[in-house]
Amino acid sequence: MIEFRGVNKWFGPLHVLKDITLSVEPREVVVVCGPSGSGKSTLIRCINGLEATQDGDLVVDDKRVGDPATNMTLLRTEIGFVFQQFNLYPHKTALENVTLAPTHVRKTPRAEAEKAGRELLAKVGLADKFNAYPSELSGGQQQRVAIARCLGMRPKIMLFDEPTSALDPEMISEVLDVMIAVAEEGMTMMVVTHEMGFARRVAQRVVFMDQGAIVESGTPEEFFSAPRTDRSRAFLSKILRH
Amino acid sequence: MIWEQLQDLIRSYPLALRGLGMTVMLSLISLVLGTLLGFGLGVLRATGNRFISAAIGTWVDLIRGTPFLVQIFLIFFILPELGVELDAFTAGIIGLTNLAACFICEIVVAGIRAVPKGQIEAALASGLSLWQRMRQVVLPQAMRVVLPPLVGQYVLLIKDSSVVSAIGLTDLTRVGWLAVQRVPNGLLVFAIVGVGYFLVCYPLILLARRLERRMSAAHGEVKL
Amino acid sequence: MLENFSFRTIVEYLPLFGQGLVATVWLSLVSFVGALAVGIVLCAMNLQRGRLLQAPAKIYIDAIRATPLLVQLYFLYFGLPRLGIILPEFVVGILALALNSGAYLAEIIRAGILSISRGQVEAGVASGMTYVQRMRLVILPQAFRVTIPPLLGQAIVLVKDSALLSLISVAELTRAGQLLASDRFMPAEGFITTAACYLVLYYGLKGLAGLSEWWLGLRPMGSRA
């Protein structure tokens, strides 16, 4: 579904992705973790072309990203992206946030999109917030709307860029619960997060990155119980202490 | 034909230079006086008691709410009736200084208010007097917010000085007005006058932009 | 002489001031609409990547900002006849005001568009919107609200700037004051009344600006954590 083959990326002199090779199967859930600045956000932002790669092949849903022949706008409709800062449209209500892209990009009839939007908002536990503006919602509620907004496009893949990092601690679980539900329905997901409980529960694989390279990759059990490198041990001891 | 007119205009360059000199002098004097007065009013407005603050606020509003042309007419035609004899240059200085002071006052107030409250509380807690708090803690931090619009205000001041030509002061604009009576080519004459102003104002505009960029880069903030 | 301040004369001239006020309002209004058109075009040119459109817009904006409106007004007033274009004074005045304010509005609109955070653009991109869809559905509606207060601020500046039209004998508020001053040798009565009329417009627009900010405050936009 997602395949990196020898992908490299530089920000000026900074080598931010080093020879990445990684393959994600349909219905697989992959958690990406690592210290800040390790390139994990950049990695998933490349998948829908928010960042350009400079070297190597990146194939998503059988289409090459960055290839002029690939219609990126079309490909992006198949990929949901959940941001750390939510990025809800502040001038639209929760329901309008969910229906905006389906009606304008997918050209779904308004009534149909709204019906689907209501169902999705109910599914993420916000049945009473259809007409609330983002500024009237808590961080956790906003992030759940953002997830519903992605689901509204019926994507084949969902990418999460540190979805709980901007949240107060008491709101983290309500967002994780929604993500778990999405995972259990068989969505292909790549999630950048430090929430190890989430990784243990739904991830088939944990990828550990450091300084732009994939250092270690394995099942959650392997990774948590027997990390193979010093760097991953040091990282785990830091986050598990909390 | 244009060439002859240009030569004719070039011959009158002493007058043009005098006009430019007048514009620069008028602007410079009012700029210095206006800045001093503006900072004084700004600090008073931000820290003074409610009555003083409201009085300054009202005056600033009256000046901001009326065209500079009307203000200069009021000064030039009414002060003599009150027994103050003044020429166009003095009237220009008074008008521009007052105008600059009012706008700069508002800029300074905004700058002072942009300093986080915790800074003032910290200064209070360490026992600094009002004057010390202003000079050591508040104003240095406020300057970052104040500087870009301050330079922008200087550009406005130089441009507004052209209005003083309406009461007969021989500044750059007036020189153009006189020249166009003799050489009937308004495009040429006022293009040259415009270049004169451009040479003075554009460097300041660039400076203001640089200050603004540096400031927003230093803060790294997203304006909403 | 101020002790002889004559309210009677002011009352006598009130109809003239009324006409002046009306003239100032509609001159400003027409100029503002023109300025908006100029500003939108300039801003659209300025936001293009290609230099071919961007450079002329930038040069125009800088040239306008670095020279006085009065010089621009004289440039058109004394210059247009030279090109064989004879226009009534008030049209020349509207043209000068619109061309001048347009440059400032272009910058205001641009700042509004650029103030929308990158995350909003990315959210649009990620859901597969085209450039036009992002502009229309995400960026412009938000930029519009941010832009209303500075737009009204520029409207205030424009109303005051229109006073300069009196110098090319357009009959408006300041001209009314000048007439009273020169006909009756009563500059105090003339210009104080003029100033008072401008203040009415100023406080009106200022109130509107406050109202718009209050309205925008009702539905605050901050969705940042």
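A few comments on the model shown:
- Ranking B:Leu62, B:Leu79, B:Leu157 by how far each Cα lies toward the positive end of the dipole of the protein assembly as shown (charges on Cβ) leaves B:Leu157 at the top.
- Computed about the Cα centre, the dipole magnitude for chain B is approximately 820 debye when only Lys and Arg (+1) and Asp and Glu (-1) carry charge, each at its Cβ.
- Alpha carbon centroid spacing (whole Å) that separates region B:98-131 from region A:81-105: 41
- Contact order relative to length of chain C, as percent, for alpha carbon pairs under 8 angstrom and 6 or more apart: 28
- Accessible area of region C:7-215 divided out per residue, in Å², using a probe of 1.4 angstrom: 44
- In Hz, Karplus ³J(HN,Hα) per residue of region A:80-88 (6.51, -1.76, 1.60; θ = phi - 60°; x = Gly, Pro): x, 10, 9, 8, 4, 9, 6, 6, 5
- By accessible area, using a 1.4 Å probe on protein heavy atoms only, chain C has 71% of its surface on carbon and sulfur.
- Rounded if a/c under 1.5, otherwise prolate or oblate - region B:78-224, Cα gyration tensor axes: oblate
- Percent accessible area from carbon and sulfur atoms, region B:2-218, protein chains only, probe 1.4 Å: 68
- Buried accessible area, chains C and B (both chains, 1.4 Å probe, Å² to nearest 100): 3800
- Shape call, region C:7-215: gyration tensor on alpha carbons, a/c limit 1.5: oblate
- Where labels lie 7 Å past Cα in the beta-carbon direction, separation of C:Tyr203 and B:Asn49 in nm: 2.6
- Extreme residue, positive dipole direction of region C:7-215, given options C:Leu29, C:Ser127, C:Gly18 (C-beta unit charges): C:Ser127
- Shown in residue order for region C:62-76 are the 3J(HN,Hα) couplings computed by the Karplus curve 6.51 cos²θ - 1.76 cosθ + 1.60 at θ = phi - 60°: 5, 4, 5, 5, 9, 10, x, 4, 4, 5, 5, 5, 5, 4, 6 Hz (x for Gly and Pro).
- Within straight-line cross-link reach of C:Lys206, aspartates and glutamates at Cα separation under 19 Å, skipping those fewer than 8 residues along the same chain: B:Asp61, B:Glu106, C:Asp161
- Set of lysines near C:Lys58 by C-alpha distance (under 22 Å), chain-local residues within fewer than 8 positions excluded: B:Lys159
- Rg ratio for region C:30-94: its Cα radius of gyration over 2.2 N^0.38 Å, N being its residue count, equals 1.29.
- Built amide H within the under 5 Å cut-off of A:Gly34, gap 5+: A:Met209
- Expressed as a whole percent, the accessible area of region A:78-158 that falls on carbon and sulfur atoms is 46 (1.4 Å probe).
- For region A:88-242, the Cβ-based charge dipole about the Cα centre amounts to some 420 debye (Lys, Arg positive; Asp, Glu negative; other atoms uncharged).
- Where C meets A: accessible area buried, both sides, 1.4 Å probe, Å²: 2200
- Nearby aspartates and glutamates by direct alpha-carbon distance to A:Lys18 (threshold 16 angstrom, same-chain neighbours under 8 apart not counted): A:Glu3, A:Glu51, A:Asp55, A:Asp57, A:Asp210, A:Glu216
- Distance (nanometres) between label positions extended 7 Å along Cα→Cβ at C:Ser169 and A:Asp128: 7.3
- On Cα atoms only, tilt of A:169-184 relative to the major axis of chain A in degrees: 90
- Region C:7-215, dipole about Cα centre (Lys/Arg Cβ +1, Asp/Glu Cβ -1), debye to the nearest 20: 680
- In the protein assembly as shown, Rg over Rh equals 1.07, where Rg is the alpha-carbon radius of gyration and Rh the Kirkwood radius from pairwise Cα distances.
- When the charge dipole of region C:7-215 is built from unit charges on Cβ atoms (+1 for Lys and Arg, -1 for Asp and Glu) and taken about the Cα centre, the candidate among C:Leu47, C:Phe78, C:Gln178 whose Cα reaches farthest toward its positive end is C:Leu47.
- Two-site label geometry, A:Asn8 and B:Arg135: point separation in nm, points 7 Å out along Cα→Cβ: 6.0
- Within chain B, the longest segment free of exposed loop sites, counting GluC sites (Glu not before Pro) that fall outside DSSP classes H, G, I, E and B and have at most 11 other Cβ atoms within 10 Å, spans B:86-220.
- Our helix-only sum for the protein assembly as shown, with -39,500 (n - 2.57) per DSSP H run of n ≥ 4 divided by its residues, gives a mean residue ellipticity at 222 nm of -21000 deg cm²/dmol.
- Cα gyration tensor category, rounded, prolate or oblate, for region A:10-65 with a/c compared to 1.5: oblate
- In summary, the convex hull built on the alpha carbon positions of chain A has an orientation-averaged projected area of 13.2 nm².
- 1.4 Å probe accessible area per residue over chain A, in Å²: 43
- Peptide B:185-193 shows a mean partner chain C-beta count of 6 within 10 Å per residue C-beta.
The values are calculated or read from the model by the stated rules, or taken from the named source; none is laboratory data. Everything numeric in this text was worked out from a predicted model, so none of it was measured. Positions of Cβ are generated from backbone atoms using ideal geometry, with glycine treated the same way; all protein chains shown enter the neighbour counts. With ligands, DNA and RNA removed, areas are computed over all heavy atoms of the protein, side chains included. Shrake-Rupley method; radii C 1.70, N 1.55, O 1.52, S 1.80 Å.
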